[in-house]
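The structure appears right after this line, and notes come after that.
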Amino acid sequence: MRALGKTGYVLVGFAVLLAVWQAVVWTGRYEESLLPSPLGVAEAIGELIESGTLFVHLRVSLLRFAAGYLSAAVLAVALGLVLGRLLRLWNYIDPIVQLIRPVSPIAWSPFIVLWFGIGNAPAIAIIFLAAFFPVLLSTVSGVRRVNPSFLKLAHNLELDRRALLTKIVFPAAFPAIASGLHIAVGTAWIFLVSGEMVGTQSGLGFLIVDARNMIRLDMVLAGIVFIGLCGLLLDQCVRLFERRMEKKWGIVRGD
């Protein structure tokens, strides 16, 4: 029943959005070429699916995202588990991280292109930068908040450092790590599309730019719809992983 209730909220929300969109179109303030109707965008989506163009660009974007996001998540979690325990070392590294973190990954694109060339590598590097810092900071924060009694228990059991990190610290810090993974999904997906709009010849970002150049705003909106849907599905994948790990470790959710 609860799931059906959530589904109802989602359906009503989208229905209201479509109604407002169609109402703006009916006012006649904007021409169809400037603001396509929902039906026009639906037809553009059908055209992209029928031609196979959508799946080609979608596959490329998802592969780039997987390579950049997963590598950033694994490295950031591993480093965060270690640095969260070495507080003196983290005190030296934290100012550097705080200096680099606010810089948009797109700002690094001139250097990324020079270092990695053209193709998939620059987009993957941009995704990596966008995902790395949220996960790293969340992991360090989670490690630092681990209940001291857990650490005392590990000491009494004479666990080695590896067992301490994998069996005690990581499960205890996982809620904070999961929060960082959620944030990183959104930022990485946003900057993937931004990177593809600048320096690639494939992907959903390129699809939007190519449609804009052809003055096909219905195609532009179709691409935007799929970018939003993919971002939502990716976030749900992280949520499913989070709940699976919580069930494995017996973590009780607060909601």
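Inspect all residues belonging to region 80-87 and state whether any of them is more than 30 Å from residue 124 (Cβ to Cβ), in the same structural domain as residue 200 (by TED's automatic domain parsing), out of contact with any helix residue (DSSP H, G or I) (no Cβ under 6 Å at 6 or more places or on another chain) and in a helix (DSSP H, G or I). Checked region 80-87: at least one residue is more than 30 Å from residue 124 (Cβ to Cβ), in the same structural domain as residue 200 (by TED's automatic domain parsing), out of contact with any helix residue (DSSP H, G or I) (no Cβ under 6 Å at 6 or more places or on another chain) and in a helix (DSSP H, G or I).
Scanning region 134-145 for residues that are surrounded by fewer than 23 Cβ atoms within 10 Å (Cβ to Cβ) and assigned to a helix (DSSP H, G or I), we see that the one that is nearest to the chain's Cα centre (by Cα) is 137.
In the condition set (1) modelled with pLDDT of 85 or more; (2) surrounded by 13 or more Cβ atoms within 10 Å (Cβ to Cβ), residue 102 is compliant with all but (2). Restricted to region 217-251, and to residues there that are touching a Phe, Trp or Tyr at 6+ places or on another chain (Cβ under 9 Å) and among the β-branched types (Val, Ile, Thr), the residue that is surrounded by the most Cβ atoms within 10 Å (Cβ to Cβ) is 227.
The values are calculated or read from the model by the stated rules, or taken from the named source; none is laboratory data. Bear in mind that the values here come from a model prediction, so they are computed numbers and not experimental data. Positions of Cβ are generated from backbone atoms using ideal geometry, with glycine treated the same way; all protein chains shown enter the neighbour counts.
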